[in-house]
Amino acid sequence: MSIALKRIHHVAYRCKDAKETVEFYQRVLGMDFVLAIAEDEVPSTKAPDPYMHVFLDAGMGNVLAFFELPTKEDMGRDENTPEWVQHIAFELENLDALHAAKKKIEAEGLDVLGPTNHGIFKSIYFFDPNGHRLELVANTRTPEQMAELHTVAPAMLEEWSQTKKAPRHAAWLHALD
C-alpha cells in the first residue's frame, strides 16, 4: 500500500517573537492569521516547554507556521549552510505582481535582491524579522520547458551523484536570461 499524500498541512519554523512575526507576514505579504496554539508542555513528548505556535494562510490551502520558544536560547541558523540555501518561496501570479511586490517590500525599508532570472521563473529575495530568507517567484516557464526538465531530471541526479559537478542537461536555462 502506498501513502497517498493530499498536500502539505503546514511547514513550521522558529521565530523570535510570535506577535512581530504575525504582524510582518500580515503587513508585508498579506497573509491571514489563521490560528494560534499555546501550550506549557510539548504534546508529543510531554516535556515542560511553553510555546506559542502561530499559523498563517499562504494561499491555496498552504499554511506557514512559527514557534516562539521563550525558554530556549536565542535562535540562530545553521552556520555550515549558506544563508541563500534555506528559504521559503512563495509563488505570485505574474511578473507585474513580482515588480509590484518588490516596490511594496522596499517601501517597508527592507533590502530586496532581484529580480533574478532562473530561466523558468524570476524571483526576488529578502529576509523576515527572524532571519529567514524569503523568495517571491513569478513563473515564466512553458509546458514544453517543464516537460524537458522532468525528462532529464533522473539523468541529472544520477550524474550529480557520481561526479558532484553540475550536469549540463538543462544548460539551456541560462540561455533564457
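This table checks each residue for (1) surrounded by 13 or more Cβ atoms within 10 Å (Cβ to Cβ); (2) at pLDDT 95 or above; (3) more than 19 Å from Ile124 (Cβ to Cβ).
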| residue | (1), (2), (3) |
| --- | --- |
| Val54 | yes, yes, yes |
| Phe90 | yes, yes, no |
| His99 | yes, yes, no |
| Lys103 | no, yes, no |
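Sort out which residues of the stretch 76-134 are assigned to a loop (DSSP other than H, G, I, E, B) and among the aromatic types (Phe, Trp, Tyr), and write them in order of number. Within the stretch 76-134, just Trp84 meets the criteria.
With the structure loaded, tell me whether Ile124 is among the aliphatic types (A, V, I, L, M), outside the structural domain of Phe24 (by TED's automatic domain parsing), at negative phi and in contact (Cβ under 8 Å) with a residue 40 or more places away in the chain or whether it fails that test.
Numbers: among the aliphatic types (A, V, I, L, M): yes; outside the structural domain of Phe24 (by TED's automatic domain parsing): yes; at negative phi: yes; in contact (Cβ under 8 Å) with a residue 40 or more places away in the chain: no.
No.
Conditions (1) modelled with pLDDT under 95; (2) outside the structural domain of Asp111 (by TED's automatic domain parsing); (3) within 21 Å of Val137 (Cβ to Cβ); (4) not acidic (Asp, Glu), marked per residue:
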residue	(1), (2), (3), (4)
Tyr13	no, yes, yes, yes
Phe24	no, yes, yes, yes
Gly30	no, yes, yes, yes
Ile37	no, yes, no, yes
Val42	yes, yes, no, yes
Tyr51	no, yes, no, yes
Gly61	yes, yes, yes, yes
Ala65	no, yes, yes, yes
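If you scan the stretch 105-121, which residues turn out to be exposed (fewer than 14 other Cβ atoms within 10 Å of the Cβ) and either touching a residue at least 12 places away in the same chain (Cβ under 8 Å) or closer than 20 Å to Glu93 by Cα (or both)? Once the filter is applied, which keeps residues that are exposed (fewer than 14 other Cβ atoms within 10 Å of the Cβ) and either touching a residue at least 12 places away in the same chain (Cβ under 8 Å) or closer than 20 Å to Glu93 by Cα (or both), the stretch 105-121 yields Glu106, Glu108, Asp111, Thr116.
The values are calculated or read from the model by the stated rules, or taken from the named source; none is laboratory data. Remember, it's a predicted structure, so these values are computed and weren't measured experimentally. In this analysis, Cβ positions are derived from the backbone assuming ideal geometry, glycine residues included, and neighbour counts consider all displayed protein chains.
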